[in-house]
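These notes concern the structure reproduced below.
The values are calculated or read from the model by the stated rules, or taken from the named source; none is laboratory data. Small disclaimer: the values here were computed from a predicted structure and weren't measured. Reconstructed Cβ throughout: ideal geometry from the backbone, glycine too, with neighbour counts over all protein chains shown. Heads up: the accessible areas ignore ligands, DNA and RNA and are worked out on the full protein's heavy atoms, side chains in. Shrake-Rupley method; radii C 1.70, N 1.55, O 1.52, S 1.80 Å.
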Protein chains: 2
Amino acid sequence: MKFNLEKIDSSSQARAGKITTDHGEIKTPIFMPVGTSASVKTVHQREIEEDIKAQIILGNTYHLYMRPKMDVLTQAGGLHRFMNWDKPILTDSGGFQVYSLNGTRRIKEEGVKFQSHIDGSYHMFTPENVMDTQRQIGADIIMAFDECTPYPCDYKYASNSMHMTHRWLKRCCERFDSTEPLYGHSQTLFPIVQGSTYKDLRIQSAETIASFEREGNAIGGLSVGEPAEEMYEMCELVCNVLPKNKPRYLMGVGTPANILENIALGVDMFDCVMPTRNARNGMLFTSEGIINIKNKKWEKDFSQLDKNGTSYVDSYYNKSYVRHLFQSKEILGMQIASIHNLAFYLWLIGEARKHILEGDFTSWKNNMVKKVATRL
Amino acid sequence: MKFNLEKIDSSSQARAGKITTDHGEIKTPIFMPVGTSASVKTVHQREIEEDIKAQIILGNTYHLYMRPKMDVLTQAGGLHRFMNWDKPILTDSGGFQVYSLNGTRRIKEEGVKFQSHIDGSYHMFTPENVMDTQRQIGADIIMAFDECTPYPCDYKYASNSMHMTHRWLKRCCERFDSTEPLYGHSQTLFPIVQGSTYKDLRIQSAETIASFEREGNAIGGLSVGEPAEEMYEMCELVCNVLPKNKPRYLMGVGTPANILENIALGVDMFDCVMPTRNARNGMLFTSEGIINIKNKKWEKDFSQLDKNGTSYVDSYYNKSYVRHLFQSKEILGMQIASIHNLAFYLWLIGEARKHILEGDFTSWKNNMVKKVATRL
């Protein structure tokens, strides 16, 4: 993996760059649609590429490990071939899902023991086997196995957890560096900064993570319930420590406004289920603000779904029709809204990149942040 | 509406023809995907046109009357504009759904009183207001309001019901012929033959229906639970009575084999929810037979979904992947299977037409009927 930093904004820390993987280039800043179980929910791969213009998608290791399981994925020749997606893929480590499970899970130095949400069977994730699993999935960018602390989290727990995440990172790197990719394309490992919302821990963690000198770095444990201001504060601190010449990935963020603010702080990569999950509930993100398409006010509004939208669904379908689909519980409504939201996210982040390169990012961002948060 | 009969098969009653409407041509025999509530379930309009290559779709008057309701549809400028589908549409009369309702419904000479499945409110469908409703929907081909008798049905009920359907037809025609289309394109009314599974009633009904001299004729009340042989027997009788120079539409039929056999009897038009409903349960119809994609046997079968398939999903996705989507309850599985099944139905009926024109329909049909019913 290569990263070329093309420009840093003069009035913020926003950056434009380019990541090169064996599956192609990613222009940063970038948003990665979430394809949990080898599917970006309700969206065809053809639509992800042609209509949404995604450059990289994300897969969830926990879900893929449970279904279709690793024997299927390895026989398929990895996730790219299994789902017929030939552009870059990033996988998380599975940790986040494991911590979110309602059933029993026990975190020990060795790793995490947990029960499957499907059949209750017991499994163990360790730094080592999570590297192996991500080798089997074959994503271009894979994530270290960490503990994502909840919010709020007391200082002592956050500190102990962070130190364990650092020890786990050492084990991840040792395993990763002593194994080879399975499918002929290279993979790279991103470590993850933790430290909850404590400034000293975040700085310490960022310094430790940077010292591993991997090809990119991630920021985890944010967007887990803390106020946005705290997220921004932590992100700013961490970005000031992480090396400038490597991509920075803020995990699980967020709203359009969150993304724009974090770009200004120096983040290059984002992922979030929000555009697809909210789409399935009838919420549309647009450049003019947020639409709840189920509202009565759209019942007889035959204007196009989003007059500023860039994907074909925005002009093909009208608001009244899409509202009707949601009222009638027609799945097509979710499909349309998902394409729209993802295309909007990709458009928005592409605009951010354009304005970084053109030198007027901050004024554009300040204006856009207000608009995208408006309720229409 | 115009119908040109191009050829009648020499060794069966199969026919190839062409229907011309203000929204374009329909080459017969034809299958019409069902778009119940202004949506062919899980399929984008773009896919219906480009991937499935449908030439006409069907809408359900009952569902559209309930949601989005007629005020929305008329303000939208009719169903074509509401859902952005510019090819022909056929609507049923709403009768079939009304009779299928679990709640109270009372059939009287005037019409049928029933309760909404959505809010329990009372409504009445009459031959007259069903014509008005279908004027408001604006389909190219609209259906007479009839009573679809259940199976089995005693002779007296079937006879009385058939006579009422004939009296209702007179009222439908009077209303239809004294009103104008609302959106600038012409509409045509198809009457419906009833008579349950009684030969004399079917012949009598076909003669009566033919005497109305509409531009096309339909056969209703079949595929409601009777054995396939009885359906074929009734269909053959009726096709022998209905005029040759007008299209014949067999409502709600059926499996691929049912369709091929009925083409041989002289039917030109079909509709059925089977390809989409079964798709949502993981059943794929192919030229080699029927696949239940959820079966364990496909778990590690990475061959393309259907090597003989004609839509892009057939080569784009593999069996193991689509099985995984169904196992994981990913909606994309339903989307892929729906496109596949509808494209298969349209391919199959297109092949039937080709073989009718080429003169070898019967041998092709006899061979194909066996193959499409095989369980793989």
Histogram of C-alpha separations across region A:136-235, 10 Å bin width, %:
16, 45, 27, 11, 1
How far is B:Pro152 from the same spot in each other copy, in nm, shortest first, if each label point sits 7 Å from Cα toward Cβ?
7.5
Inter-probe distance in nm under a simple model that places probes 7 Å from Cα toward Cβ, at B:His163 and B:Thr374
5.2
Tell me which A residue has its C-beta closest to the axis rotating A onto B, and the distance in Å?
A:Ile331, 3
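Averaged over every viewing direction, what's the projected area of the C-alpha convex hull for chain A? Give it in nm², one decimal, please.
Working: hull surface 70.7 nm².
With every direction weighted equally, the projected area is 17.7 nm².
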Nearest 10 degrees, 0 to 90: what angle lies between the long axis of helix A:199-211 and the longest principal axis of chain A (Cα atoms)?
70
Excluding ligands and nucleic acids, what accessible area in Å² is computed for A:Lys41 using a 1.4 Å probe, to the nearest 10?
60
Relative contact order as a percentage, region B:254-374, C-alpha pairs under 8 Å and 6+ apart, gives 33
Using θ = phi - 60° and the Karplus form 6.51 cos²θ - 1.76 cosθ + 1.60, what ³J(HN,Hα) does each residue of region A:342-353 get, whole Hz, x for Gly and Pro?
5, 4, 5, 4, 5, 5, 4, 6, x, 5, 4, 4
Let me know the whole percent of all Cα-Cα pairs from the protein assembly as shown that are separated by more than 54 Å.
21
Among the lysines, which have Cα under 20 Å from the Cα of A:Lys156 when same-chain residues fewer than 8 positions away are ignored?
A:Lys108, A:Lys199
B:Phe96: accessible area at probe 1.4 Å, nearest 10 Å²?
110
Kindly write out, for region B:216-231 in residue order, the coupling ³J(HN,Hα) from the Karplus curve 6.51 cos²θ - 1.76 cosθ + 1.60 (θ = phi - 60°), rounded to whole Hz, with x marking Gly and Pro.
x, 9, 10, 10, x, x, 10, 6, 10, x, 6, x, 4, 5, 5, 4
Which whole-number percent gives the relative contact order of chain A, counting Cα pairs below 8 Å spaced six or more residues apart?
18
Under the classification rounded if a/c is under 1.5, otherwise prolate if a/b is larger than b/c and oblate if not, where does region B:113-167 fall, given a ≥ b ≥ c as square roots of the Cα gyration tensor eigenvalues?
oblate
What ranking of B:Ser39, A:Ser303 comes out by heavy-atom accessible area, probe 1.4 Å, highest first?
A:Ser303, B:Ser39
Give the ranking of B:His324, B:His163 by solvent-accessible surface, highest area first, calculated with a 1.4 Å probe.
B:His163, B:His324
Would you kindly calculate the mean projected area, averaged across all directions, of the convex hull enclosing the Cα atoms of region B:1-80, in square nanometres?
6.8
Starting from 0.36 nm per residue, how many nanometres of slack lie between A:Ile290 and A:Tyr312 once their C-alpha separation is accounted for?
6.0 nm
Could you give, in nm with one decimal, how far A:Ile107 is from each other copy of that position, shortest first, with labels 7 Å out from Cα toward Cβ?
6.6
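Is there a simple number for the mean count of other chain Cβ atoms within 10 Å of the Cβ of residues in B:311-322, and what is it?
Counting Cβ atoms of other protein chains within 10 Å of each residue's Cβ and averaging gives 3.
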Solvent-accessible ranking of A:Thr20, B:Thr165, A:Thr197, largest area first, probe 1.4 Å
A:Thr20, A:Thr197, B:Thr165
For A:Phe212, what accessible surface area do you get with a 1.4 Å probe? Give it in Å², rounded to 10.
60
Mind giving me the FRET efficiency for B:Lys7 and B:Asn240? R0 is 22 Å, r the Cβ-Cβ distance, nearest 0.05 is fine.
0.75
Take every DSSP beta bridge with both residues inside region A:1-152 and express the antiparallel ones as a percent of the total, to the nearest 5.
75
Along its three principal axes, how long is region A:1-154 when you only count alpha carbons? Whole Å, largest extent first please.
48, 42, 27
Assuming R0 = 35 Å, what is the FRET efficiency of B:Arg106 and B:Asp22, from their Cβ-Cβ distance, to the nearest 0.05?
0.40
Rounded if a/c is under 1.5, else prolate if a/b beats b/c, else oblate: with a ≥ b ≥ c from the C-alpha gyration tensor eigenvalues square-rooted, which is region B:52-92?
oblate
Taking every DSSP beta bridge with both residues inside region B:233-376, roughly what % is antiparallel (nearest 5)?
60
So who's got an amide H within less than 5 Å of the one on B:Thr42, skipping anything under 5 residues away but keeping other chains? H placed 1.01 Å off N, in plane.
A:Ile331, A:Leu332
Which residues' amide hydrogens lie under 5 Å from the amide hydrogen of A:Gly17, considering only partners 5 or more residues apart or on another chain, with H built in the peptide plane?
A:Glu6, A:Thr28
At 7 angstrom along the Cα-to-beta-carbon line, where would the label on A:Asn366 sit relative to the other copies? Give the distances in nm, shortest first.
8.3
Amide H partners (placed H, <5 Å) of A:Leu242, local residues excluded:
none
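Considering Cα pairs under 8 angstrom that are at least six residues apart, work out the relative contact order of region A:1-143 and quote it in whole percent. Spell out each step's value before the answer.
On the way: 225 pairs, mean separation 28.4, N = 143.
Relative contact order of region A:1-143: 20 percent.
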In nm, spacing of pseudo-spin labels at B:Asp360 and A:Asp71 (7 Å Cα→C-beta vector):
4.5
Can you work out the Karplus-derived ³J(HN,Hα) for every residue in region B:60-77? Use 6.51 cos²θ - 1.76 cosθ + 1.60 with θ = phi - 60°, whole Hz, and x for glycine or proline.
9, 4, 4, 5, 5, 5, 6, 8, x, 6, 6, 5, 5, 5, 5, 5, 6, x
